[in-house]
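Please treat every number below as a calculation from the coordinates, not as lab data. Predicted model only: the values in this text are computed from it and were never measured. FYI the Cβ positions are ideal-geometry reconstructions off the backbone, even for glycines, and counts take in every protein chain you see.
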Amino acid sequence: MKESTEFLILDTIKKNSTIMPLFTAGYPYSKVINWVYQLEKEGKICYDEMEQRVLSENGLARWKIIKKRNNKFSILPLNDYKIKKMDIDEIYLP
């Protein structure tokens, strides 16, 4: 997994306790679930008493290291799923 992807997931969980913002940004469900599962196996993500995802001590330390090294990451919608702006007279057909 790329460092930027790892930071993206860790940052999303740290801020929101969920991975839903990644789905709404357009990332494929299967990829996000695989990335989260991999981070859970590495012990960077765990669950609290309310069954919400939180960063473990290991995950929080990793998040701080990546943030210090390069903090130019942000969650943006993927350009692949962007739809061009339509005129008022046009009809969208997927």
Q: Would you please name the GluC sites (Glu not before Pro) within region 4-74 that are DSSP coil residues with at most 12 other C-beta atoms within 10 Å of their C-beta?
A: GLU49, GLU51
Q. Leaving out same-chain residues fewer than 8 places away, which lysines sit with a Cα under 26 Å from that of LYS2?
A. LYS14, LYS15, LYS31, LYS41, LYS44, LYS64, LYS67, LYS68, LYS72, LYS82
